Amino acid sequence: MLETTIGQPTLTAIIFFFLFVAGTLYITYWAAKRTRTTAEFYAAGRSITGFQNGLALAGDYMSAASFLGIAGLVALKGYDGLIYSVGFLVGWPIVMFLIAEQLRNLGKYTFADVVAYRLKQRQIRSAAATGALITVLLYLIAQMVGAGSLIKLMFGLPYEIAVIVVGALMIAYVLFGGMLATTWVQIIKAVLLLGGATILVFLILIKFGFNYVDLFSTVTNKYGEKMLEPGGLVKNPIDTISLGIALMFGTAGLPHILMRFYTVPDAKEARKSVFYATGFIGYFYILTFTIGFGAAALVGHEIISKIDKGGNMAAPLLAEALGGEIFLGFLAAVAFATILAVVAGLTLAGASAVSHDIYVGVIRRGKADEKQEVRAAKIATLILGVLAILLGIAFKGQNVAFMVGLAFAIAASANFPALLMSIIWKKFTTQGAIWSIYTGLALSVILIILSPTVWVDILKNPQPIFPLKSPAIVSFIAAFVVGIVVSLLTREKEAEEKFESEKIRSYIGIGAE
Amino acid sequence: MKERILNSPEFRMIVRSKNAISIILTVLELFIFFGFIILLAYGKEFLNQKIYGPITVGIPIGIGVIVLSWILTGIYVAWANKSYDEKVASVREKLGGE
């Protein structure tokens, strides 16, 4: 019964994989000739359209974990998988309504530009860049470890080699092609992923005569009605709300997502790109839900969990069952492309925090010419890329699932509150921002260590000290409270005056770069 | 010059309308999402009701949150592309295209 080529490097998978690598490396070569200035390296020369950026944002956001992981979760647990998808989507409207346009109008390359706009540059930049860098690193480690294990599972390639291949390609894209190459890698990946998932859903629906009732009935007949009911995920409502806060506001605080808004020419394109991105991501999650049910109906729980306990191979197994080895090979290559694109975006965001915010903003006090800054950004890319490979190998076999949750919690508690308050609140001060960022950061990290996820599951203590799995409900609120209280205690006249004139730039875009 | 724009009724209007729509839509989105979570926590019986064959109330509601979130972003873009951009253009024109 269990005949699958998953775990072996099939010829089709290798061909698709090399086509993708050759195509993206050609784009990198093409982009390298157009990547000389800082605006080109960090922001693709602001030449990306709203539609293209919408695809690229979707490409940055739809990780292999959300494709393989959520499809697997739906296949094994049913409705609970949908709850996750919803959580990952609802941050996008917040990005649109509160952040996107002002970010585009006020900033240059990083979100720290906006926080530092009317406050004391150096102190703010080191704090904001710290938040950005920690978010990126945690996310990157989780992606690298996931990449190594997934590629091993799919192609049978040794873990270390998989991590090195992913790391080397991501360094090549970012180092030579900057944001332009990274953007096009994201766009290609998004099109492949959306296309592959659409074909897979189409194949499922053919089997069921385009009748969802048939599909759902097959699954409930096999595994009971609980598959269409919320299950164990929402045991503790406070914990779910906390996770919801992390996902929703974390999305609006992810450095690699925020950075993408500088690649479009103006605020209008920025807002259009969020609309497209939300549509693509929402559509993708609805497809994933169908794929999960298709896998449960046509492959079955037994085989799915036999190959991987977490269910990560549900979608590939289904692809093989419906489209044979060729379609599996295609989908395996798509999963690989997905991983590559996400890590490339992360590396670029991390490198820009190091070079633009820390090196130029803090160390050189804003005095560096274009050439020096681009060189610094490239060195930072190389260092960060090698670090990602080393950390990916160091964390082999470790439970890193909590790192994505922690990255979202930090993004929601350290990055988002400071960014939002600097945009909307006149009396926000330098000290307020710094205290808010470090409070959000420290509380997220400390509370997650004391939480059941780390204290019990990883450190094997019998009882957690902090009862919730996600720290965001505490760290997010604390970051706002501390930011407000400290700002009220430390008035900054200059910043208040600048707030008024900032409005012209932030609302109507005059003076925006 | 800056003072004149900042104090002009048109500019104040732009700021006020943009803030109002952002706040309304944000509150709506928060209400939809956290309402969904509260429903998951306390309304299981309601969500588990069958509407058609095996399909439960929870399915269209879950999918609905995704679709509705997207529609809200669409409403914002439609508003901004039409009414907001027009007002911004007229203020920019008054400035003589600086």
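The values are calculated or read from the model by the stated rules, or taken from the named source; none is laboratory data. Computed from a predicted structure; not experimentally measured. When we count neighbours, we look across all protein chains shown, and the Cβ atoms used for this are built from the backbone with ideal geometry, even at glycine.
Side notes on the structure shown:
- Residue in the range A:40-51 that is β-branched (Val, Ile, Thr), in contact (Cβ under 8 Å) with a residue 60 or more places away in the chain, within 30 Å of A:Phe275 (Cα to Cα) and out of contact with any Cys (no Cβ under 7 Å at 6 or more places or on another chain) present: yes
- So A:Arg271, is it touching a residue at least 24 places away in the same chain (Cβ under 8 Å) and facing chain B (nearest Cβ under 10 Å): yes
- Condition met for A:Ser470 (among the small types (Gly, Ala, Ser), within 23 Å of B:Arg4 (Cβ to Cβ) and within 14 Å of chain B (Cβ to nearest Cβ)): no
- Search result, residues across the range A:421-473 that are aromatic (Phe, Trp, Tyr) and part of a loop (DSSP other than H, G, I, E, B): A:Trp425, A:Phe428, A:Phe466
- Of all residues in the range A:89-131, those satisfying the criterion of being more than 10 Å from chain B (Cβ to nearest Cβ), under 21 Å from the mean Cα position of the chain (by Cα) and among the aromatic types (Phe, Trp, Tyr) are A:Tyr109, A:Phe111.
- The single condition among (1) out of contact with any Leu (no Cβ under 9 Å at 6 or more places or on another chain); (2) modelled with pLDDT of 95 or more that A:Gln121 does not meet is (2).
- Residue that is nearest to the chain's Cα centre (by Cα) [pool: residues in the range B:1-41 that are facing chain A (nearest Cβ under 8 Å), farther than 30 Å from A:Gly244 by Cβ and in contact (Cβ under 8 Å) with a residue 60 or more places away in the chain]: B:Ile14
- Residues (facing chain A (nearest Cβ under 7 Å), surrounded by fewer than 17 Cβ atoms within 10 Å (Cβ to Cβ) and of a type outside the set (D, E, K, R)) located in the range B:42-54: B:Asn48, B:Tyr52, B:Gly53
- Qualifying residue in the range A:245-263 (condition: within 12 Å of chain B (Cβ to nearest Cβ) and of a type in the set (Phe, Trp, Tyr)): yes
- Of all residues in the range B:55-67, those satisfying the criterion of being facing another protein chain (nearest Cβ under 9 Å), assigned to a helix (DSSP H, G or I) and over 22 Å from A:Asn236 (Cα atoms) are B:Ile63, B:Ile66, B:Val67.
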